[in-house]
Amino acid sequence: MRAVTIRDGGRIEVADHHDPVPGKGELLVRVEAAGLNWADTAQRAGFYPAPPGSPADIPGLELAGVVEVVGDGVLRFGPGDRVMSLVGGGGQAELALVHEREALAIPENVAPLEAGGFPEAFTTAHDALFTQCGLGPGERLLVNGAAGGVGIAAVQLGAAAGADVIASVRRAELRDAVAAFGATAVAPEDVERHGPFDVVLELVGAPNFASDVAYLDTCGRIVVIGVAAGSRVEIDLHELMAKRARVFASTLRARPLEAKAAAARLVERHVLPLLAAGRLRVPIEARYPLEEVETAYARFGEGGKLGKIVLAMSAST
Ligand SMILES: NC(=O)c1ccc[n+]([C@@H]2O[C@H](COP(=O)([O-])OP(=O)(O)OC[C@H]3O[C@@H](n4cnc5c(N)ncnc54)[C@H](OP(=O)(O)O)[C@@H]3O)[C@@H](O)[C@H]2O)c1
């Protein structure tokens, strides 16, 4: 099979590899589309190695495709089924292994490209907002860094759950498009007058943390998911105590199979019905064929995206 391959020094190319063989509980998936994520760029740069059990040199945290072969003991899927999934790595390839407990059936109305950009953004957003923060109807949610993959997923999930969603988007030209997903989209400097917030989803990092705490309502929750703009902060613990605040933080990729399977079951139960009903969309900023992987990574890193960058493994995807 051909796969995106990380070489020494962060060079990236498409190269031939042996086809993977499914083990117990695994599906061999013919990949149709695979979304790009910051973890891929960090792995490429050499400071976020693949987790144990994942290919060290093939990036890719999420994929969508068709089951080709199943390993021993597989119960939930069979050859020909359309699936999408988180993977620890190896998703940006023509063939990839997926544990059946992490796999999700793709709703009929969802095209492969959208499915390839769904699992990471929507699982991360659902886990942060609901599993960690317990976001409820009528609560006020702030999403910082809302125009990207996770941000737009969070905006839609928050709105679908009946929260009042404020989306902080630094690029003025993207605000109307983000608002169309169910939020009031504002410039970062205008966030304060839309608070206080019950839940803050922090996708940007340290520079926002002081204002996240300052704009939090009593018993509010902050969940830190992205720290691209910095990870070190100084906080006044009195302020957290006075607000009876809670701060959560997490990563998804490093979780063990049990934890990822649990997150997948929640997405299956609470998010897939909305996707199947056409109430959620996976906005695709750009699609690139596998051969144009360098351009795809460059576009991903440029910023100014509305949603996802997705690699298409065949011309028909
Ligand atoms: N913890 C986890 O499990 C987990 C899982 C998935 C993602 N993440 C992290 O979550 C973050 C978002 O992921 P994503 O896939 O949504 O990325 P993305 O699609 O690139 O979106 C990032 C968004 O944040 C904005 N942004 C970046 N730096 C900013 C700054 N200094 N001030 C204001 N806005 C800024 C970007 O705006 P511009 O386009 O203007 O730059 C963009 O809209 C990333 O840091 C990623 O590593 C964490």
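Residues that are more than 16 Å from the ligand (Cβ to nearest atom) number at least 2 in the following strands (runs of 3 or more DSSP E) confined to segment 92-171: 95-99, 103-105.
Residue under question is VAL267, and the condition is that it be more than 11 Å from the ligand (Cβ to nearest atom), assigned to a loop (DSSP other than H, G, I, E, B) and open to solvent by less than 40 Å² (accessible area, probe 1.4 Å); does it hold? Here the answer is no, as VAL267 does not meet what is asked. Counting the residues of segment 276-302 that are within 15 Å of the ligand (Cβ to nearest atom) and free of Cβ contacts under 8 Å to residues at least 12 places away in the same chain gives 2.
For segment 170-192, the set of residues classified as closer than 23 Å to PHE248 by Cβ and open to solvent by less than 20 Å² (accessible area, probe 1.4 Å) consists of ALA183, VAL191, listed by residue number. For first residues located in segment 211-222 and aromatic (Phe, Trp, Tyr), partners that are in a helix (DSSP H, G or I) and open to solvent by 10 Å² or more (accessible area, probe 1.4 Å) and lie 6+ apart or on another chain with Cβ distances below 8 Å form the pairs TYR215/GLU192. Restricted to segment 1-40, and to residues there that are part of a helix (DSSP H, G or I) and of a type outside the set (A, V, I, L, M), the residue that is surrounded by the most Cβ atoms within 10 Å (Cβ to Cβ) is ASP40. Scanning for something without any contact (Cβ under 8 Å) to a residue 40 or more places away in the chain, buried (at least 20 other Cβ atoms within 10 Å of the Cβ) and near the ligand (Cβ under 10 Å from one of its atoms), does segment 193-201 turn up at least one residue? No, segment 193-201 contains no residue that is without any contact (Cβ under 8 Å) to a residue 40 or more places away in the chain, buried (at least 20 other Cβ atoms within 10 Å of the Cβ) and near the ligand (Cβ under 10 Å from one of its atoms). Count of segment 75-91 residues, restricted to those that are part of a loop (DSSP other than H, G, I, E, B) and in contact (Cβ under 8 Å) with a residue 24 or more places away in the chain, is 9.
The values are calculated or read from the model by the stated rules, or taken from the named source; none is laboratory data. This structure is a prediction, so every number in the text was calculated from the model and none was measured. For neighbour counting, all protein chains shown are included, and Cβ atoms are generated from backbone atoms with ideal geometry for every residue, glycine included. Ligands, DNA and RNA are excluded from the accessible area calculation, which covers all protein heavy atoms including side chains. Shrake-Rupley method; radii C 1.70, N 1.55, O 1.52, S 1.80 Å.
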